[in-house]
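The values are calculated or read from the model by the stated rules, or taken from the named source; none is laboratory data. Being a predicted model, the structure only gives us computed values, none of them experimental. A quick note on method: Cβ atoms are made from the backbone with ideal geometry, for glycine too, and the neighbour counts reach across all protein chains shown. Only protein heavy atoms, including side chains, enter the accessible area calculation; ligands, DNA and RNA are left aside. Shrake-Rupley method; radii C 1.70, N 1.55, O 1.52, S 1.80 Å.
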Amino acid sequence: MRLSRNVGGCTALQSLCHHISWKPTGKRQQTLAAEVCLSGIGLHSGAATTARLFPAMAGEGRYFVAFGLLRIPATIEYAVNSSLCTTLCRGGVRVRTVEHLLSALEACGVDNCRIEIEGGEEVTHG
């Protein structure tokens, strides 16, 4: 018997895909179907940045990756005091202006997403 689950609005067969996490979380979770890449100018810094969003496994949540290594969860525990934007910080590394991207992911029902920011510390608003 094959088990099927709803993943990202599509039915997938567990026996056919090893990239899907079946980790029990207590609720159905969704991620992106594929990588998304957006480039533009940082709203406050004016720096050219690129945001790359990748699918993540169930239970990982939404999180930023800085310098390819440091993981900054998009949770209140990592929010720091800043003016004019929401800033997340871990180990002295900051990611700024995350509120619009995180709100869009929430509105779209994306529970799990790896977000990489290149070219600066600010999320693209382009």
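Could you tell me which residue of the stretch 44-77 is nearest to the chain's Cα centre (by Cα), considering only residues that are open to solvent by 60 Å² or more (accessible area, probe 1.4 Å) and within 15 Å of residue 98 (Cβ to Cβ)?
52
Residues of the stretch 78-114 being aliphatic (A, V, I, L, M), over 11 Å from the mean Cα position of the chain (by Cα) and closer than 22 Å to residue 34 by Cβ, which ones?
Hit for the stretch 78-114 is 107, nothing else.
Can you tell me which residues in the stretch 112-126 are small (Gly, Ala, Ser) and open to solvent by less than 70 Å² (accessible area, probe 1.4 Å)?
Start the filter on the stretch 112-126 by keeping residues that are small (Gly, Ala, Ser), which leaves 119-120, 126.
Within the stretch 112-126, 119, 120 meet the criteria.
Residues checked against (1) of a type in the set (Gly, Ala, Ser); (2) modelled with pLDDT of 95 or more:
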residue: 18; (1), (2): no, no
residue: 28; (1), (2): no, no
residue: 46; (1), (2): yes, no
residue: 55; (1), (2): no, yes
residue: 59; (1), (2): yes, no
residue: 80; (1), (2): no, no
residue: 87; (1), (2): no, no
residue: 114; (1), (2): no, yes
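Please work out which residue is least open to solvent (accessible area, probe 1.4 Å), limiting yourself to the stretch 78-111 and to residues that are without any contact (Cβ under 8 Å) to a residue 24 or more places away in the chain and acidic (Asp, Glu).
Only one residue fits best here, namely 99.
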